[in-house]
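Structure record follows, encoded as structure tokens.
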Amino acid sequence: MRILCDEMLARVGRWLRIAGYDTEWCEKGTPDERVLARAVTEQRILLSCDRRFVEIATREIEAYYQESAELEVWVPFLEEALGVDWERAPWSRCI
């Protein structure tokens, strides 16, 4: 599973990497079109706090939205939606 977090979810992205998932996040100010293109090109699941991303995502992008950027909201959501195991391979990836 390859994941891309929008700029608001860098903290969530870091914790996913700590758990051992192939996760990247966008730099602040990255244009929306570039974020979507990166998700397609790199075949990544897009996580976002921006409803617009999910609304305009093409069929090529698997995208998930939560209004909040808080880790406490995303942890249970990702466990249920993607089957994320937070103890999968801790510290196996550089953050």
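Each reported figure results from applying straightforward, stated rules to the coordinates on display, with no laboratory input. Nothing here was measured: the structure is a model prediction, and the numbers come from that model. Reconstructed Cβ throughout: ideal geometry from the backbone, glycine too, with neighbour counts over all protein chains shown.
Residues in segment 26-42 carry Karplus couplings, in order, of 8, 6, 4, x, 5, x, 3, 4, 5, 4, 5, 5, 5, 4, 5, 4, 8 Hz; the curve used is 6.51 cos²θ - 1.76 cosθ + 1.60 with θ = phi - 60°, and Gly or Pro positions show x.
Using the Karplus relation 6.51 cos²θ - 1.76 cosθ + 1.60 with θ = phi - 60°, the per-residue 3J(HN,Hα) values for segment 68-77 come to 8, 9, 5, 4, 4, 7, 6, 4, x, 4 Hz, with x marking Gly and Pro. The modelled label-to-label distance between residue 34 and residue 71, using points 7 Å beyond Cα along the C-beta direction, is 2.7 nm.
Loop-located trypsin sites (Lys or Arg not before Pro) in segment 4-95 (DSSP state not H, G, I, E or B) with no more than 16 neighbouring Cβ atoms inside 10 Å: 28, 59, 88, 93. The loop-placed chymotrypsin sites (Phe, Trp or Tyr not before Pro) in the chain, going by DSSP, that have at most 12 neighbouring Cβ atoms within 10 Å of their Cβ come out as 91. Around the amide H of residue 45, modelled in the peptide plane, lie the amide H atoms of 2, 3, 4, all under 5 Å away and 5 or more residues distant in sequence or on another chain.
Within the listed set 39, 69, 81, the residue fluctuating most in the Gaussian network model of the chain (springs between alpha-carbon atoms under 10 angstrom) is 81.
Taking amide H positions as modeled 1.01 Å from N, with prolines and chain starts lacking one, the residues under 5 Å from residue 93 and 5 or more places away or on another chain are 20.
Taking amide H as placed 1.01 Å from N in the peptide plane, residue 25 has its amide H under 5 Å from the amide H of 5, each at least 5 places away in sequence or on another chain.
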